[in-house]
Amino acid sequence: GTQTPCPAGKFSPVTRAISSATCQTCTQGSYCATSGLSAPTDLCHGGYVCGTGQTSAQPSTICSAGYYCPNGTYVAQPCPSGWYCPTTGLSAPFEECAAGYYCTLR
């Protein structure tokens, strides 16, 4: 027989697999960059929302303004009280709210 790799976006930790059904969709927060992986490549980069089946460390969904997305984020985190997150693609809250100002959650 022939050995066929699981495609990019999927992985299989199973040895002696006999079907493509053992290829699992890359998990939320991770990416599977190439074919033939036994585990996800790594966590997606900060600043991005990383759903299942990703093939890139920088998926197409950029974290929205008002939120931040650390490495491996699959649900954007709201900017915490007392901080502000004015731009898209943040991997951490931007800056503390300065004296003389107030910052709402979004």
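Name the residues in the range 53-97 that are farther than 28 Å from residue 41 by Cβ and under 14 Å from the mean Cα position of the chain (by Cα), would you?
Correct list: empty.
Within the range 1-49, how many residues are under 19 Å from the mean Cα position of the chain (by Cα), free of Cβ contacts under 8 Å to residues at least 24 places away in the same chain and open to solvent by 70 Å² or more (accessible area, probe 1.4 Å)?
2
Just to be sure before I move on: is residue 27 at pLDDT 95 or above, in contact with a strand residue (DSSP E or B) (Cβ under 6 Å, 6 or more places away or on another chain), under 30 Å from residue 1 (Cα atoms) and of a type in the set (Val, Ile, Thr) in the structure I sent?
Spelling it out, it is not the case that residue 27 is at pLDDT 95 or above, in contact with a strand residue (DSSP E or B) (Cβ under 6 Å, 6 or more places away or on another chain), under 30 Å from residue 1 (Cα atoms) and of a type in the set (Val, Ile, Thr).
Please count how many residues of the range 69-104 are assigned to a strand (DSSP E or B), of a type outside the set (S, T, N, Q) and out of contact with any Gly (no Cβ under 8 Å at 6 or more places or on another chain).
So the count comes out to 3.
For residue 60, indicate whether it is open to solvent by 70 Å² or more (accessible area, probe 1.4 Å) and small (Gly, Ala, Ser).
It is true that residue 60 is open to solvent by 70 Å² or more (accessible area, probe 1.4 Å) and small (Gly, Ala, Ser).
Any idea which residue in the range 63-106 is modelled with the lowest pLDDT, counting only those that are among the β-branched types (Val, Ile, Thr) and open to solvent by 80 Å² or more (accessible area, probe 1.4 Å)?
The extreme case among them is 104.
The values are calculated or read from the model by the stated rules, or taken from the named source; none is laboratory data. Since we're looking at a predicted model, the values are computed, not measured. FYI the Cβ positions are ideal-geometry reconstructions off the backbone, even for glycines, and counts take in every protein chain you see. When the accessible area is computed, the model is the full protein with side chains, heavy atoms only, and any ligands, DNA or RNA have been set aside. Shrake-Rupley method; radii C 1.70, N 1.55, O 1.52, S 1.80 Å.
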